[in-house]
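Each remark here refers to the structure printed beneath this line.
Every number in this text was worked out from the coordinates using simple rules, so none of it is lab data. Quantities reported herein were computed from a predicted structural model and do not represent experimental measurements. Glycine gets a Cβ as well: all are built from the backbone with ideal geometry, and neighbour counts include every protein chain shown.
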Amino acid sequence: MLRYLARRLAASALILIGVSVITFGLTFLIPADPVRMIAGRSASPQAVENIRHQLGLDKPIPVQYMNYVTKLVQGDLGRSYVQKAEVSRLIESRLPATLLLMAGAIFFEILIGLPAGILAATRRGRLLDRAVMIFSFAGVSTPQFVLGLLLLYVFANLLGWFPLSGFGTLSHLILPALTLGIAGGGWYSRMMRSSMIEVLHHDYIRTARAKGLSGPKVVLVHGLRNAILPVIAMVGLDIGIFMSGAVVVESVFGWPGIGQLAWLAIQRIDIPIIMGVTLVAAVAIVIGNLLADLTAPLIDPRIRLR
Amino acid sequence: MAYTWRRLSKDPLALVGMATIAAISIAALSAPWIAPFDPREQFFDGLTLEGAPLPPDEMFFLGTDLLGRDLFSRLLYGARTSLVIGVVANGAAVAVGTLLGIVAGYVQGWVGAAIMRFTDLMMAFPALLLAIALAAIFTPSLWIVAMVIALVNWVQIARVIYTETTALAAREYIEAARALGAAWPRILFLHILPHLIPTILVWATLGIATTVLLEATLSFLGIGVQPPTPSWGGIIFESQSYFLSAPWLVFFPGIAIMVMALAFNLVGDALRDALDPTQRGR
């Protein structure tokens, strides 16, 4: 276990180093000179050179990379071109909203996915099963911005049940969280269905039926316990999908998280913010994958760590 | 092949999907002939007296957009954008992913390890954010968007192909081929690649759905295909601030994106079932 943990941590650290190399490399692809972006258009050549020297951008590339990583480790993601603020501060102040949105999305994913998957598995090949499968396909085929705008139109504009946009109360959270969670719900319903179908084939299920337990009881007590394990183990892997989804959903609903921050940065080509959010998202994904790997054997003792 | 086709043709969802793909492709190809109007023409009577877009009526079948252009014609031309990107970007992603996956799976050693660690690294980036970063750096055009999507999408295919190749490479017939003195490119392309074609086909089909959605999302964020080229995501981007008063400008392109992605997902999934009977009904 300890050896596995050490190896897994080392692999994650290596990936993070790779991530930093790529984000560092990407900044060289930017056609605009970052020094000019900071100095402004009217700066004299002398002032531009001063800033370049201050930022260490006149040093050799390996030195620049080391400076970049040193700053990253200290939590310094650079300064926004437009907002004249530390990128790390901006992200820090907006991260809680995004985490709240993700928690809501996980809630809806599971709320939709598990019952739908269980129902489909127990009525395999029948109409309900088909309906669940089509829903799950529709869920992954609908762009989140279309779904978000649709929900907004129906439930906020026509019916007036929820506010159009904003942040603060539970009713603000429901539509964006549902938008982010529906695709995952479709995905979970498929996973739950196949996992349940597999479990229901086992001998102990037949035994439970043979001793006279009712159908729902067999499925919910004996089946669910085992079928749910591989599904729950996947929650950590959702983070990547959410990090991308947050950009779209937060921009549609005016949710003040890091996705909206990235979206605003896109409109103004504020590269440091885009890079900062990408970096934070990559770190979150690495942590999520690590957690998914580490918790899987805790949830399901049959999984052995290698 | 005939067997696969027979299985596919018995699956109603696959048939619906294939019919939809055929219909969209024909509509996109024949757009210049079947579109009622020029998609770029701004009609004087395409706006209300107050300058608002028109809802669907007899003249403008699906209504008009903010500039008084016919939405139906724009959607037809938008289908071309989606299909071109779907085929080009996904084709490139499948080619790169297959090549890297097959080489990593067969060569193993440090080359294989390096390729696979690189795919691990790419998996750590959220696809959309990486695409956004790339699209923000390069000035977006149709080909840049296709390239960005390909750069992001090859990763999963590479992993799947890698896994299958390692399994195939351990088979005895490969050892036999090697014993007979076959060079590795010959083994890769003559003995291994043909066995991977079903997988490639499935991923190529499912990948088009992913690509269409990613392109629509980039366009919606304003960093996809740029106007005046009509694209479905772009139409929604242009009109989103008016969507409460002109919802058709969001719904019709939104439905178009969804139908296209759904069709490719249905066919891809049915193809997977048809090509791999052991997975049937899972």
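Here is how the numbers come out for the structure above:
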item	result
Failed item in (1) in contact with a helix residue (DSSP H, G or I) (Cβ under 7 Å, 6 or more places away or on another chain); (2) surrounded by fewer than 17 Cβ atoms within 10 Å (Cβ to Cβ); (3) away from every other protein chain (no Cβ under 14 Å), with A:S165 passing the rest	(3)
Scope the stretch A:233-278; condition touching a Lys or Arg at 6+ places or on another chain (Cβ under 6 Å) and in a helix (DSSP H, G or I); matching residues	A:I258, A:L261
Selection from the stretch B:192-207 of residues that are under 20 Å from B:Q108 (Cβ atoms), of a type outside the set (A, V, I, L, M) and buried (at least 19 other Cβ atoms within 10 Å of the Cβ)	B:T199
Top-ranked residue of the stretch B:1-42 - restricted to ones that are more than 29 Å from A:S136 (Cβ to Cβ) and touching a Phe, Trp or Tyr at 6+ places or on another chain (Cβ under 8 Å), ranked as surrounded by the fewest Cβ atoms within 10 Å (Cβ to Cβ)	B:P36
The stretch A:205-230, residues that are of a type in the set (A, V, I, L, M, F, W, C) and buried (at least 23 other Cβ atoms within 10 Å of the Cβ)	A:A227
Candidates B:A170, B:A274, filtered to the one that is without any contact (Cβ under 8 Å) to a residue 60 or more places away in the chain, more than 13 Å from every other protein chain (Cβ to nearest Cβ) and more than 17 Å from B:L83 (Cβ to Cβ)	B:A170
All positions within the stretch B:246-272 that are among the charged types (D, E, K, R) and surrounded by 21 or more Cβ atoms within 10 Å (Cβ to Cβ)	B:D269
Identity of the residue in the stretch A:114-134, within 12 Å of another protein chain (Cβ to nearest Cβ) and surrounded by 17 or more Cβ atoms within 10 Å (Cβ to Cβ), that ends up nearest to A:L229 (Cα to Cα)	A:A121
Filter result for A:L151 (free of Cβ contacts under 8 Å to residues at least 24 places away in the same chain and more than 18 Å from the chain's Cα centre (by Cα))	no
Residues (small (G, A, S) and in a loop (DSSP other than H, G, I, E, B)) located in the stretch A:69-127	A:G75, A:G78, A:S80, A:A85, A:G125
Any chance B:I157 is of a type in the set (A, V, I, L, M, F, W, C), farther than 23 Å from A:V19 by Cα and surrounded by 22 or more Cβ atoms within 10 Å (Cβ to Cβ)	no
In the stretch B:235-252, the residues that are out of contact with any Gly (no Cβ under 6 Å at 6 or more places or on another chain) and either part of a loop (DSSP other than H, G, I, E, B) or more than 8 Å from chain A (Cβ to nearest Cβ) (or both)	B:I235, B:E238, B:S239, B:S241, B:Y242, B:F243, B:L244, B:S245, B:A246, B:P247, B:L249, B:F252
Pick from the stretch B:201-216, criterion in contact with a helix residue (DSSP H, G or I) (Cβ under 6 Å, 6 or more places away or on another chain) and either part of a loop (DSSP other than H, G, I, E, B) or β-branched (V, I, T) (or both), ranking: farthest from the other protein chains (Cβ to nearest Cβ)	B:V202
